[in-house]
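Novice: Take a look at this one; I'll ask things after.
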Amino acid sequence: MSSSVEGSNISIRNYPTCAVDALTRLESLIATRNKQNLAMQIISEVIFLEQSDGDARKSQGLPTSQMNLFQEFQLIIALIEYFSRPGRDATRNAIFLSLFGSHLTPQRSKLLSRLISTAVSGSVAPLLSSAGTWMQQVGCKTPPSLEVAQNIVSDFILFSKKTPEQLKQLPLVGPQFAANFMVAVADLYLNEQRDGALIPPPDALLDAITEWITENPTLCQASQQPLVLPAGAIAMPFATPISGLLRWAVLAPLISQRSAYSNLHLSLLQTLQQLVCSGEAAALHAQDLMQIVKSLQNHCSRLAEANLSPDADAAYQKCMERFAQAVQIALNSNCITNPIQLLCMLEALPPHALMKIVLAARKKL
């Protein structure tokens with residue numbers, strides 16, 4: 001590997017000092033659109049110590065990092081310190097998005113997950129703010145975001161005897177990141193479309209998220225806050241965690257009797273009652289809610305194979321009761337995109353008394 005990057009005046013012999021120097025240099029390069037290639041080269045070769053020779057670029061594999069574990073630790077500390085400095089949010093977000101785009105090498109992906117877990121542990125608000133912006137820009141349900149979410153679950157839930165205080169305080173430190181994290185993590189569990197089965201979230205995760213939105217019903221809307229992006233950047237559409245968490249609450253009776261799901265459901269109803277939405281800015285997308293409908297249809301198909309009636313199935317009845325309550329409030333708040341499509345799907349489900357009332361009332365409007 002060469003000892004410097006051509007045109008950057010940055011030596012890469014003294015790591016991590018060179019990475020710190022590179023971050024400062026990037027601030028001006030990223031603002032200069034005709035220097036983007038140099039900026040990306042510095043990020044690859046100086047910050048992540050990735051192999052950049054011609055053969056590596058021509059190969060089918062991604063660039064190979066020469067970074068060892070100690071250097072990775074040094075870089076994480078350097079990034080934490082850099083993003084903790086006073087400065088413009090737009091600059092921090094531009095640097096973060098440049099470091100961690102939507103197409104990550106395996107090494108960058110692992111480092112990103114460890115960096116964000118470190119920021120959660122240390123309650124590093126500026127870095128979590130940039131991470132929240134990054135999640136929205138690359139998509140909360142894309143593989144990079146899902147990997148970050150899964151890593152946080154592993155670090156703070158699965159490998160911890162009790163939920164750490166830092167995770168409990170996450171909505172206060174980084175509300176936008178917390179909201180986008182919920183979008184991602186909701187997609188990981190009780191998602192038959194993803195896993196082919198209804199896999200429940202860890203109990204501690206369910207309890208933590210329920211506590212978050214019970215204490216702050218507007219938290220789910222934090223992802224709707226305007227993003228602070230560099231000049232010329234286009235903000236990607238936001239997503240709220242309401243649909244995914246509602247899927248948890250509605251489908252839970254099919255696999256669990258935990259009262260925590262009932263508490264989650266009540267908190268989501270409170271959140272929906274506070275929403276006043278319309279048009280494309282609606283907080284609930286019919287397509288997401290139809291995942292719930294399809295899972296209920298699948299359950300009814302299994303009941304039919306066993307010669308059982310949905311009317312006599314307590315789990316199905318409880319699911320429909322929760323779903324009907326949520327749909328009614330969401331319709332009244334005008335926060336569902338393309339509600340007609342959803343209502344048609346709901347009418348195809350085996351009848352349920354409360355849902356029939358909700359659908360009939362909608363037809364009268």
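The values are calculated or read from the model by the stated rules, or taken from the named source; none is laboratory data. Since the model is a prediction, treat every value here as computed from it, not as a measurement. Don't worry about glycine lacking a Cβ; one is built from the backbone with ideal geometry, like all the others, and counts go over all protein chains shown. Note: accessible area is taken over every heavy atom of the protein model, side chains too, but ligands, DNA and RNA are not part of it. Shrake-Rupley method; radii C 1.70, N 1.55, O 1.52, S 1.80 Å.
Novice: What does the charge dipole of the chain about its Cα centre add up to, to the nearest 20 debye, if the Cβ of each Lys and Arg holds +1 and the Cβ of each Asp and Glu holds -1?
Specialist: For this selection, approximately 440 debye.
Novice: Take peptides 217-224, 344-351 and line them up by average Cβ neighbours within 10 Å, highest first, as a rough protection proxy.
Specialist: By packing density, highest mean first, the sequence is 217-224, 344-351.
Novice: Take every Cα-Cα pair in segment 105-254 and report what % of them are more than 18 Å apart.
Specialist: 55
Novice: Where does the Debye-calculated log10 I(q)/I(0) of segment 281-365 sit at q = 0.10, 0.17, 0.20 Å⁻¹, using only Cα point scatterers of equal weight, no solvent?
Specialist: Cα-only, vacuum Debye calculation for segment 281-365: -0.24, -0.67, -0.90.
Novice: Still on this structure, I have one more. From largest to smallest, what semi-axes in whole angstrom does segment 246-316 give when each is the square root of 5 times an eigenvalue of its alpha carbon gyration tensor?
Specialist: After diagonalising the Cα gyration tensor, the semi-axes are 27, 16, 8 Å.
Novice: Right, something else. Calculate, for the chain, the solvent-accessible area per residue in square angstrom, rolling a 1.4 angstrom probe over the heavy atoms of the protein chains. Kindly include the intermediate steps, with their values, before the conclusion.
Specialist: On the way: 16920 Å² over 365 residues.
I get 46 Å² per residue for this part.
Novice: Mind checking which of Ala260, Ala179, Ala314 has the largest fluctuation in a GNM of the chain, springs on alpha carbons under 10 Å?
Specialist: Ala314
Novice: Would you kindly compute the Cα radius of gyration of the chain and its largest Cα-Cα separation (Dmax), both in Å?
Specialist: Cα-based Rg and Dmax for the chain come out at 23.3, 75 Å.
Novice: I would also like to ask the following. Order the peptides 239-248, 302-311, 322-331 from the highest to the lowest mean number of other Cβ atoms within 10 Å of their residues.
Specialist: In decreasing order of mean packing, 239-248, 302-311, 322-331 become 239-248, 322-331, 302-311.
Novice: Now for a different question. Enter the Cα centre distance for the pair segment 344-360 and segment 190-242, rounded to the nearest angstrom.
Specialist: The distance from the Cα centre of segment 344-360 to that of segment 190-242 comes to 27 Å.
Novice: I need the chymotrypsin sites (Phe, Trp or Tyr not before Pro) found in segment 150-186, filtered to DSSP loop residues with at most 11 other beta carbons within 10 Å of theirs.
Specialist: Passing both the DSSP loop test and the Cβ count: Phe159.
Novice: Which entries of Lys294/Lys356; Lys318/Lys356; Lys318/Lys364 have Cα-Cα distances beyond 23 Å here?
Specialist: Exceeds cut-off: Lys318/Lys364.
Novice: Could you please state how large a percent of the accessible area of the chain is carbon and sulfur, counting protein chains only and using a 1.4 Å probe?
Specialist: Working: 8850 of 16920 Å².
Heavy-atom surface of the chain belonging to carbon and sulfur, 1.4 Å probe: 52 percent.
Novice: So who's got an amide H within less than 5 Å of the one on Ser65, skipping anything under 5 residues away but keeping other chains? H placed 1.01 Å off N, in plane.
Specialist: For Ser65, the qualifying residues are Gln51.
Novice: When the helices in the chain are scored as -39500 (n - 2.57) per DSSP H run of 4 or longer and the sum is shared across all residues, what 222 nm value do you end up with, to the nearest 500 deg cm²/dmol? Walk me through the numbers on the way to the answer.
Specialist: Working: 19 runs with 219 residues, N = 365.
After summing the helix terms and dividing by residue count, I get -18500 deg cm²/dmol.
Novice: Sort 140-147, 230-237, 35-42 for me by packing, meaning the mean count of neighbouring Cβ atoms within 10 Å per residue, highest on top. Intermediate results must be reported in sequence, preceding the final value.
Specialist: Details: 140-147: 19.0, 230-237: 10.9, 35-42: 16.9.
Highest-to-lowest ranking by the protection proxy: 140-147, 35-42, 230-237.
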